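First up is the structure itself, then whatever we jot down about it.
The values are calculated or read from the model by the stated rules, or taken from the named source; none is laboratory data. Because the structure is a prediction, the values reported are computed rather than measured. Neighbour counts run over all protein chains shown; Cβ positions are idealised from the backbone, glycine included.
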Amino acid sequence: MLIQPKTLVVSSEDGVEKTFTISKLPYGSAGREILTQYIPTGTPMVGDYDKNHALYLKMMAYVAIVKPDGSEQLLSTQALIDNHIGGDFNLGFKVETEMLEYNLGFFVQGSLAPFFQRWSVMLPQKITKILTALQAQLSAVEKQP
């Protein structure tokens, strides 16, 4: 059952508008866990992707796609998410972001975008630093025994 449902219309990459219904998360069975663990587990190089993905699936179970006949299908499994969002990263990111912002009051509209922009700048720098250190180690000439 969706709590305080909110309609969300998002354009897909091919220009087709898709309508979703997003929901408030029940505090005890999903909300608290997602509130305290979603961002830390999703932080690059520090987080736990498997845990973050499990939280994502739990959160998406409170999102429904509105079908052409007006009925709703909860995105309660990975297969349903893949079927209705597919490989449209912009669509998927928008639905995920809207769910976080609708449920976690300390996220303001657009506040996740600067976070990911900072990481998109910092991450290549970090990777380059790590690879440079590894290259030096791997390229070191060893002496013959």
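Got a sec? Which of Asp69, Asp82 is in the same structural domain as Leu25 (by TED's automatic domain parsing), assigned to a helix (DSSP H, G or I) and free of Cβ contacts under 8 Å to residues at least 12 places away in the same chain?
Asp82
What are the residues in segment 85-107 that are free of Cβ contacts under 8 Å to residues at least 24 places away in the same chain and among the acidic types (Asp, Glu), if any?
Matches in segment 85-107: Glu101 only.
Could you look through segment 53-89, keep only residues that are among the aromatic types (Phe, Trp, Tyr) and closer than 20 Å to Asn103 by Cβ, and pick out the one that is farthest from the chain's Cα centre (by Cα)?
Among residues in segment 53-89 that are among the aromatic types (Phe, Trp, Tyr) and closer than 20 Å to Asn103 by Cβ, the one farthest from the chain's Cα centre (by Cα) is Tyr62.
Of (1) in contact with a helix residue (DSSP H, G or I) (Cβ under 9 Å, 6 or more places away or on another chain); (2) more than 27 Å from Lys126 (Cα to Cα), Gly87 satisfies all except one. Which?
Result: Gly87 passes all but (1).
Which residues, taken from segment 15-33, are closer than 20 Å to Ile85 by Cα and without any contact (Cβ under 8 Å) to a residue 40 or more places away in the chain?
Gly15, Val16, Glu17
Tell me, which residue of segment 1-49 that is part of a helix (DSSP H, G or I) and charged (D, E, K, R) is surrounded by the fewest Cβ atoms within 10 Å (Cβ to Cβ)?
Selected residue: Arg32.
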